Amino acid sequence: MAAPRVAIRRHRACRGRFGTYSLVSTSTTRHGWSAETRFCVVLFGLALALNIGLSAIGWENNLLGTHEFRQLQTALTTQHFVTDGVKLNYETPLFGPPWEMPLEFPLFQACVAWFVLITHFPLDQSGMLVSWLFFLSALPACYLLLGRFDLSAGRRLLMLSLLLLSPIYL
């Protein structure tokens, strides 16, 4: 025998100039997803598929783009990691001898170098793929952070869909 579906009603009271009024009244069920949540899951899936497709468009591009200085500086450090190994006192041949000018903690460069050594992908594409994987790995943290603002699961997925379709990252 299946458990009965029990509707839970939540009200958030808000005090305003004209007294207390109900700000949000949502009805959720304990079993299954609401129609809004199902819609948001489908929308998130479509946004993720579109993000994958749009990210693959520039797969063959080189690093000489909009921010070439920054990209090439990261690629130089990563290339040194591939050839000489990962070290915190890394060389960045930008400003002349002694070549050791630590500009940042090289976590991203080390991940790309390890990815290149394991997969033997070209350095440019490895950097793009690791960058995209870092972006995707931030999505669960954003989901949990949005939960701290008492957003429903569907609305959190809606916000993540907007993040996936953000033109700033693409």
Next item on the list: Quick one: accessible surface of residue 150, probe radius 1.4 Å, all protein chains present, in square angstrom to the nearest 10.
Entry: 100
Check: Largest first, how would 119, 83 line up by accessible area (1.4 Å probe)?
Finding: 83, 119
Check: In debye to the nearest 20, how big a dipole does segment 58-170 give about its Cα centre with +1 on each Lys and Arg Cβ and -1 on each Asp and Glu Cβ?
Finding: 520
Check: For segment 160-165, in order, what is each residue's ³J(HN,Hα) by Karplus, 6.51 cos²θ - 1.76 cosθ + 1.60 with θ = phi - 60°, in whole Hz (x at glycine and Pro)?
Finding: 5, 5, 5, 5, 5, 9
Margin query: With a 1.4 Å probe and all protein chains left in place, how much accessible area per residue does segment 33-98 have, in Å²?
Written below: 66
Item checked: Cα gyration tensor category, rounded, prolate or oblate, for segment 96-150 with a/c compared to 1.5 -> oblate
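The values are calculated or read from the model by the stated rules, or taken from the named source; none is laboratory data. Computed from a predicted structure; not experimentally measured. Neighbour counts are summed over all protein chains in view; Cβ atoms, including those assigned to glycine, are modelled from backbone coordinates with ideal geometry. In case anyone asks, the SASA skips ligands and DNA or RNA and just uses the protein heavy atoms, side chains included. Shrake-Rupley method; radii C 1.70, N 1.55, O 1.52, S 1.80 Å.
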